[in-house]
Amino acid sequence: MWFIQPKKDYVAEMPWKHLDEPAVMSWQIRVRDYDTGIANNTFFLIAISIVLFFYFVLFYGGEKEKIELDAFAKTFIVLYFFLLLIAMSMTHQTTIIVYRLTEKGCEIFSWKPQIDSVKPVMKWTAIISAVAVVVLVLVDPSFSIALVGPAGFGLLALMMGNSKSYQSLARDSSYEEMAWKDVEEIAVYKKRRLIGLLMTYKNDEGAPYSVYGKIYCHKENLDKCVNFLKSATPQVPYVERKLNVYANFAT
């Protein structure tokens with residue numbers, strides 16, 4: 001999940017292609033590699049929508065007489081927090097990125113670690129919550145409807161664990177190289193500690209287009225990395241401004 005932080009040092013494990021070039025610096029970082037403003041707003045919209053959905057089902061569903069209000073309220077409390085966790089796993093996904101900078105360029109490995117943490121979290125959440133619900137059912141049988149939540153989580157975890165295609169898609173592993181000789185501009189977005197390197201590429205039709213390659217930094221190594229890039233590309237313009245962040249590039 002988004003709140004589980006990696007403890008492992010991945011730098012030494014990456015299959016770097018240019019080990020013959022001495023590393024000037026290397027590090028790994030875990031970031032939300034997308035427009036976080038849109039993602040945060042989406043999460044709050046989902047949270048409000050869930051509340052409104054249950055409210056209208058309860059009071060305007062036309063079958064209020066068939067609903068046991070106490071059981072419905074208890075179920076809502078259980079499901080609400082589970083649904084928020086699911087929503088947050090979508091809107092707060094993170095990417096692990098590992099950088100290795102040399103005098104000639106940069107190598108970048110990245111992947112989404114959520115698939116490694118979501119399965120065990122959902123599995124144990126389902127088990128623990130199911131036990132809790134069973135205990136509560138013994139006290140109050142009307143709470144049995146809340147078993148739907150744990151059962152759903154257990155089934156979803158099983159499906160995720162057995163689907164190799166889903167795991168590959170969710171991991172979204174990638175490798176990228178950037179050569180300093182191709183950099184046309186250095187743009188620094190300090191709020192997100194992001195360095196954008198403007199480069200020109202060609203699309204499938206051969207037409208050129210320019211976007212920024214991304215280098216995320218920790219607070220303590222941002223200035224060091226910027227100074228190195230300035231020295232590696234002395235003729236390249238340098239600016240500080242906001243960058244629009246997308247999955248594979250920035251603008």
Would you be able to say whether some residue in segment 169-178 is open to solvent by 60 Å² or more (accessible area, probe 1.4 Å) and among the aliphatic types (A, V, I, L, M)?
yes
Being of a type in the set (A, V, I, L, M) and at pLDDT 55 or above narrows it down to one residue among Leu197, Leu169; which is it?
Leu197
Scanning segment 182-200 for residues that are surrounded by fewer than 16 Cβ atoms within 10 Å (Cβ to Cβ) and within 22 Å of the chain's Cα centre (by Cα), which turns out nearest to Leu229 (Cα to Cα)?
Lys190
Please go through segment 201-236 and pick out each residue that is in a loop (DSSP other than H, G, I, E, B) and open to solvent by 70 Å² or more (accessible area, probe 1.4 Å).
Asp204, Glu205, Lys219, Glu220, Pro234, Gln235
Within segment 83-97, take every residue that is without any contact (Cβ under 8 Å) to a residue 60 or more places away in the chain and closer than 18 Å to Asp35 by Cβ and give me the one that is farthest from the chain's Cα centre (by Cα).
Ala87
On the given criteria, is Ile29 open to solvent by less than 70 Å² (accessible area, probe 1.4 Å), part of a strand (DSSP E or B) and at pLDDT 80 or above?
yes
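The values are calculated or read from the model by the stated rules, or taken from the named source; none is laboratory data. Keep in mind that this is a model prediction, so the values were computed, not measured. Methodologically, a virtual Cβ is constructed for each residue, glycine included, from the backbone with ideal geometry; neighbour enumeration extends over all protein chains shown. Side chains are part of the model used for accessible areas, which takes the heavy atoms of the whole protein and leaves out ligands, DNA and RNA. Shrake-Rupley method; radii C 1.70, N 1.55, O 1.52, S 1.80 Å.
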